[in-house]
Amino acid sequence: MSARLLVAGVGNIFLADDAFGPEVVRALDRRPLPPEVRVRDFGIRGLDLAYALLDGYDTAVLVDAAVRGHEPGTLSLIESDLPGRATVGAPPEAHGMDPAKVLALAAHLGDEPLPRVLVLACEPELRAPAGEDIAPGVSATVREAVGRAVAALHAMVPVLLADPAATPPLSRPDESPALSPPGCRAP
């Protein structure tokens, strides 16, 4: 059986650089991944993503903007710590797109282990000002990172399809920059 892989764009298109994930998914329409990969824009629909994580994927790559303290536009690859099913307390909220809460909800809902979850994150430059509900449009820096993220996914996906436990060729910022593919900015 070939590995099954989910690439999930997450983020709010109305909150400046938070739209990174949906922008990457839209760019993948012009440069599609192999047919064994399901690519989907989840936006801020956390419940939909939680249920999708229960669909038997070997690996899920969430594409999102994330403040990690790096130069804007820096791509990071993060491996999520998966919550256990035996999480104590009330079930996590069903709405919203906090990836940690979505993973906890998926673990709460499912009987099977969750897939390996990687996050392809981009350091944002623009965030919606406090108290503002809408700040459409991504910064030029993050728009440029969209193309690099598409290239990174095209490098990562064949590796993950061949071996879902493999380390894809985009390193975390604290790992050796030599592991980053060309065009992926190291800190």
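The values are calculated or read from the model by the stated rules, or taken from the named source; none is laboratory data. Treat the numbers as computed from the prediction; the structure is a model and nothing was measured. Here Cβ is always computed from backbone atoms with ideal geometry, including for glycine, and neighbour counts include all displayed protein chains. When the accessible area is computed, the model is the full protein with side chains, heavy atoms only, and any ligands, DNA or RNA have been set aside. Shrake-Rupley method; radii C 1.70, N 1.55, O 1.52, S 1.80 Å.
Listed values, structure above:
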read-out: Residue in the range 45-56 that is under 12 Å from VAL7 (Cα atoms), open to solvent by 50 Å² or more (accessible area, probe 1.4 Å) and over 11 Å from the mean Cα position of the chain (by Cα) present; value: no
read-out: Residue match in the range 161-181 (condition: modelled with pLDDT of 50 or more, outside any loop (DSSP other than H, G, I, E, B) and within 21 Å of PRO115 (Cα to Cα)); value: yes
read-out: Check on VAL25, within 24 Å of GLU125 (Cβ to Cβ) and among the β-branched types (Val, Ile, Thr); value: yes
read-out: From ALA16, ALA66, residue being open to solvent by less than 40 Å² (accessible area, probe 1.4 Å), closer than 27 Å to ALA135 by Cβ and over 12 Å from the mean Cα position of the chain (by Cα); value: ALA16
read-out: Selection count, the range 2-57, where residues are at positive phi and in a loop (DSSP other than H, G, I, E, B); value: 2
read-out: Condition met for LEU153 (within 18 Å of the chain's Cα centre (by Cα), touching a residue at least 40 places away in the same chain (Cβ under 8 Å), open to solvent by less than 80 Å² (accessible area, probe 1.4 Å) and farther than 25 Å from LEU28 by Cα); value: no
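Residues checked against (1) under 14 Å from the mean Cα position of the chain (by Cα); (2) at pLDDT below 85; (3) under 17 Å from GLY11 (Cα atoms):
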position: PHE42; (1), (2), (3): yes, no, yes
position: ASP58; (1), (2), (3): no, no, no
position: SER76; (1), (2), (3): yes, no, yes
position: PRO83; (1), (2), (3): no, yes, no
position: MET97; (1), (2), (3): yes, yes, yes
position: LEU109; (1), (2), (3): no, yes, no
position: GLU112; (1), (2), (3): no, yes, no
position: VAL119; (1), (2), (3): yes, no, yes
